[in-house]
Amino acid sequence: MSFVGLIGLAALLVLACGPSGDPATRGGVIPPAVERPAELAGRLDLPALVSEVVFPWSEVVVRRDSDDLALGVLVANTPDRRSRGMMYWSGLPADSGMIFIWEETRARSGGFWNQNVPIDLDVAWLDRDGEILEFSILLAEDETTKRPRQDYFFVLEVPRGRFAEMGIELGHQVLIPATLLPE
């Protein structure tokens with residue numbers, strides 16, 4: 001076999017051993033969540049030249065006035081995950097969202113935009129204790145950066161209108177499991 005043939009065979013093996021299946025169903029689970037919802041499948045539409053970023057799945061609890069509500073979340077806890085965020089996601093199952101986690105408080109000057117995000121989003125800006133400080137709306141494909149009026153530690157995003165549907169309001173607390181928190 002020629003040198004070119006060996007390189008071609010090696011490339012084929014690398015491709016064959018790469019990720020398979022729907023990227024939305026990979027990424028594992030961080031306790032306390034039990035499993036990734038099957039409804040995630042088919043909701044991530046990556047363009048051919050965009051590399052995959054895999055998000056683990058977990059759960060947070062929103063302490064509301066009336067009761068507590070469990071919310072499944074994609075976990076954006078690394079620079080790559082935070083940078084990608086909800087890009088290319090066409091939606092999420094009911095009672096789910098994406099939680100952004102940093103190692104330190106973020107200055108209010110650090111904001112969010114919706115470039116390459118095909119859906120409108122509601123954004124909750126949280127303090128270090130998970131209290132909801134304020135909300136913002138990000139419109140689909142909008143590159144306008146939204147910033148909170150104060151420093152924040154976490155961000156929780158859901159498809160637009162879901163916070164209102166779930167009765168989540170300012171001052172409610174999002175309980176984030178220790179398994180998701182920075183060390």
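The values are calculated or read from the model by the stated rules, or taken from the named source; none is laboratory data. Given the structure is predicted, the values throughout are model-derived calculations rather than measurements. Heads up, the Cβs are rebuilt from the backbone with ideal geometry, glycines too, and the neighbour counts pull from every protein chain shown. Note: accessible area is taken over every heavy atom of the protein model, side chains too, but ligands, DNA and RNA are not part of it. Shrake-Rupley method; radii C 1.70, N 1.55, O 1.52, S 1.80 Å.
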* Sort out which residues of the stretch 99-145 are closer than 29 Å to D65 by Cα, surrounded by 15 or more Cβ atoms within 10 Å (Cβ to Cβ) and polar (S, T, N, Q), and write them in order of number. => S136
* To do: Note down all Cβ pairs under 7 Å where the first residue falls in the stretch 65-93 and is basic (K, R), the second is open to solvent by 70 Å² or more (accessible area, probe 1.4 Å), and they're at least six residues apart or on different chains.
  => none
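Rundown of residues vs (1) touching a strand residue (DSSP E or B) at 6+ places or on another chain (Cβ under 9 Å); (2) modelled with pLDDT under 95; (3) within 21 Å of I132 (Cβ to Cβ), yes/no style:
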| residue | (1), (2), (3) |
| --- | --- |
| P32 | yes, yes, yes |
| R36 | yes, yes, no |
| L46 | no, yes, no |
| E52 | yes, yes, no |
| G85 | yes, no, yes |
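Mind counting the residues in the stretch 146-165 that are open to solvent by less than 20 Å² (accessible area, probe 1.4 Å) and within 24 Å of P93 (Cα to Cα)? Before you say what the answer is, go through the steps one by one.
Going residue by residue through the stretch 146-165, those that are open to solvent by less than 20 Å² (accessible area, probe 1.4 Å) are 148, 152-159, 163.
Narrowing further to those that are within 24 Å of P93 (Cα to Cα): 154-159, 163.
Counting residues in the stretch 146-165 that are open to solvent by less than 20 Å² (accessible area, probe 1.4 Å) and within 24 Å of P93 (Cα to Cα) gives 7.
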* Structure fact -> Residue pairs within 7 Å by beta carbon, gap of at least six or interchain, first lying in the stretch 156-183 and farther than 21 Å from F112 by Cα and among the β-branched types (V, I, T), second open to solvent by 40 Å² or more (accessible area, probe 1.4 Å) and not in a helix (DSSP H, G or I), listed first then second, are T179/P31
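In the set V53, V61, V75, which member is under 11 Å from the mean Cα position of the chain (by Cα) and either surrounded by fewer than 22 Cβ atoms within 10 Å (Cβ to Cβ) or assigned to a loop (DSSP other than H, G, I, E, B) (or both)?
Values: V61 fails: under 11 Å from the mean Cα position of the chain (by Cα); V75 fails: either surrounded by fewer than 22 Cβ atoms within 10 Å (Cβ to Cβ) or assigned to a loop (DSSP other than H, G, I, E, B) (or both).
V53 is the lone residue from the list that is under 11 Å from the mean Cα position of the chain (by Cα) and either surrounded by fewer than 22 Cβ atoms within 10 Å (Cβ to Cβ) or assigned to a loop (DSSP other than H, G, I, E, B) (or both).
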* Asked: Among the candidates D142, D122, which residue alone is of a type outside the set (A, V, I, L, M, F, W, C) and touching a strand residue (DSSP E or B) at 6+ places or on another chain (Cβ under 6 Å)?
  -> D122
* Structure fact -> By residue number, the members of the stretch 37-50 that are closer than 24 Å to G167 by Cα and either assigned to a loop (DSSP other than H, G, I, E, B) or free of Cβ contacts under 8 Å to residues at least 24 places away in the same chain (or both) are P37
* To do: Collect the residues in the stretch 85-98 that are within 13 Å of G161 (Cα to Cα), open to solvent by less than 10 Å² (accessible area, probe 1.4 Å) and among the hydrophobic types (A, V, I, L, M, F, W, C), keeping them in residue-number order.
  => L92
